[in-house]
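Novice: Right, I'll just put the structure down here and ask away after.
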Amino acid sequence: MNEYTAIVDYYDLLMTSGYYQYEKIAQAIASIISTEQKVIEIGVGTGLLLEKLLDIDPNYNLAGMDHTSEMIDIAKKRLGDRLNLFVEDIASMSISEEFDVAISNGGIGAFVDTGNNYDLYTHLTDDAINLQAMKNIANCLNKGGLFLINIQGVHDNYDKHLPDGIVYSQEIVESKTNKNCIEKSFYFRQNGKTVAQQTLTYRFFQGEAIQELFNQAGFQLKGKDASGNFFIYSKK
């Protein structure tokens, strides 16, 4: 499972610079969920999305999990005691509490709109572990519960100027050691010096392999939300 520990000090700086449109994403979620539902974000990161949801309505019943404790520490400082945040590994998690909605805004993975179709990428390179992770999400949902998975653009190489003179760069290459995977390198440079760097591996699923993964995990596709920001699955 990918961990962003090496770039955690610069994570929020990047994410709030337009990497994700959190307000737009939160509005899309708000059109789907209600305050009566229990909602969990899988891979909550530093809590940026849940913060925007609480800005829309502080009465939302939210929770968040992430396997990187450094991220959860930042999320707790941001969100305080307004919701339950906990450290859990998606590949082995066992949550006694049941939810009505689970959200992955890239947490376990996301769909990528290639222009011709939609590919699914995840933070887990092993197929068996990907299936177990999806089953674990299904297990923490009530029957008929919804699983919202974000739709993103294609991952490209680019540079982006951030505040404080920091330049962010990302480089994407096909993995030479893991089949159906890419390696994505994150670089943060200041005054020509690299201040943080990390390379992570992502598994891609395409076509029927996507349908098979979700079917085996106990999900069925309902379609896209009205905004086009999420694919919506429901627990069978």
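Read-outs throughout are calculated quantities, based only on the coordinates presented, and are distinct from any laboratory measurement. Remember, it's a predicted structure, so these values are computed and weren't measured experimentally. Using ideal geometry, Cβ is built from the backbone for each residue, glycine included, and neighbour counts are taken over all protein chains shown.
Novice: Can you tell me which residue among Arg203, Arg189 is charged (D, E, K, R), free of Cβ contacts under 8 Å to residues at least 24 places away in the same chain and either within 20 Å of Asp156 (Cβ to Cβ) or touching a strand residue (DSSP E or B) at 6+ places or on another chain (Cβ under 9 Å) (or both)?
Specialist: Of Arg203, Arg189, the one residue that is charged (D, E, K, R), free of Cβ contacts under 8 Å to residues at least 24 places away in the same chain and either within 20 Å of Asp156 (Cβ to Cβ) or touching a strand residue (DSSP E or B) at 6+ places or on another chain (Cβ under 9 Å) (or both) is Arg189.
Novice: Please pick out the residue among Gly228, Gly145 that is in a loop (DSSP other than H, G, I, E, B) and within 30 Å of Glu98 (Cβ to Cβ).
Specialist: Only one candidate passes the filter, namely Gly228.
Novice: Give Gln170, Gln198 a once-over and let me know the one that is assigned to a strand (DSSP E or B), among the polar types (S, T, N, Q) and in contact with a helix residue (DSSP H, G or I) (Cβ under 7 Å, 6 or more places away or on another chain).
Specialist: Gln198
Novice: May I pose another question? Among the residues of the stretch 145-180 satisfying the criterion of being among the acidic types (Asp, Glu) and closer than 30 Å to Gly223 by Cα, which is surrounded by the most Cβ atoms within 10 Å (Cβ to Cβ)?
Specialist: Glu174
Novice: Let me ask something else. In this structure, is Ile72 buried (at least 19 other Cβ atoms within 10 Å of the Cβ), over 21 Å from Asp225 (Cα atoms), touching a Phe, Trp or Tyr at 6+ places or on another chain (Cβ under 8 Å) and aliphatic (A, V, I, L, M)?
Specialist: Considered against the rule, which asks whether it is buried (at least 19 other Cβ atoms within 10 Å of the Cβ), over 21 Å from Asp225 (Cα atoms), touching a Phe, Trp or Tyr at 6+ places or on another chain (Cβ under 8 Å) and aliphatic (A, V, I, L, M), Ile72 comes out as yes.
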